[in-house]
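Coordinate-derived values only; no laboratory data. In this text the structure is predicted, and so the values were computed from the model without any measurement. All Cβ positions, glycine included, derive from the backbone under ideal geometry; neighbour counts span all protein chains shown.
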Amino acid sequence: MVTDTYELIKSLTEAKERIIDGYVKQGIELIEKTVSSNNISQANWVICNIIDAAKCEYLVEVLDSIGKIFDISVCGNVKRVISCYAKVGRYSEFVDIAINSIVNRGKKDQLDKVLNDVGNNGEFLYKLSLAYEKLHDLKKAQELRKKACDSGIPEACENINQVSPSYS
């Protein structure tokens, strides 16, 4: 058992290093060979390390390829997922997971930090407006919803004057 754990850590560390060094496909292949349903709970740390250390384009590639096997919501630097997808100009379910994780932790300061990274991307602004609404910052939610509407997001325009406390 100790040998299995050691081999798992060794393989995942090697995979993480390959990804960080730009050999993303090799790193992904090694993770796919190494991680199974039997050891996923012991392997989740590797995705958090990749979120912390990989270049944004590498992180996005990894999440798009194998992100579903991991629980990114437990990672401390999950806001970086939002920033990286914004940087590459694409929205993803992983952005939703990251936003929900931040909201569930009540970390409005993390949302504040990510705002500069999303620029004028309407979809990101709209989703962040919903997050601020859940955290009861209605003024910020309204401001972001207006920006999202101005950026062409129809749902933001429909709800522009309907920001109210939501407990869902």
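Rounded to the nearest 0.05, the FRET efficiency derived from the C-beta distance between Ser37 and Asn77 at R0 = 25 Å is 0.45. For the chain, the longest principal axis of the alpha carbon atoms and the long axis of helix 122-134 meet at an angle near 80°. For region 69-140, the number of Lys pairs with C-alpha atoms closer than 14 Å, counting only pairs eight or more positions apart or on separate chains, is 12. The residues packed around Glu133, meaning those with a beta-carbon under 11 Å from its beta-carbon, carry a net charge of +4 if Lys and Arg are +1 and Asp and Glu are -1. For region 1-70, the alpha carbon convex hull comes to 70 Å³ per residue, rounded to a whole number. When Kirkwood radius over Cα pairs in Å is calculated directly from the model, which label among (i) 18.2; (ii) 15.5; (iii) 16.9 fits? Matching the structure shown: (iii). Once the Cα atoms are used to define both axes, helix 138-150 deviates from the longest principal axis of the chain by about 90 degrees. Peptides 29-38, 47-56 ranked from most to least packed by the mean count of surrounding Cβ atoms within 10 Å: 47-56, 29-38.
Estimated from helices alone, the mean residue ellipticity of the chain at 222 nm is -21500 deg cm²/dmol (sum of -39500 (n - 2.57) over DSSP H runs with n ≥ 4, per residue). The simple spin-label model puts a point 7 Å past each Cα toward its Cβ; for Asp150 and Tyr6 those points are separated by 6.0 nm.
Working from Cα pairs under 8 Å separated by at least six residues, relative contact order for region 1-70 is 34 percent.
Output the 0 to 90 degree angle, nearest 10, between the alpha-carbon long axis of helix 79-88 and the longest principal axis computed from the alpha carbons of the chain. That helix lies at roughly 80 degrees to the long axis. Length gained on full extension, Glu17 to Asp112: 31.2 nm, using 0.36 nm per residue less the C-alpha separation. Of the residues Asn100, Tyr126, Cys75, the one whose Cα sits farthest towards the positive end of the charge dipole of region 72-168 is Cys75 (charges of +1 on Lys and Arg Cβ, -1 on Asp and Glu Cβ, taken about the Cα centre). The calculated FRET efficiency for the pair Asn100 and Asp52, based on their C-beta separation and a Förster distance of 22 Å, comes to about 0.65.
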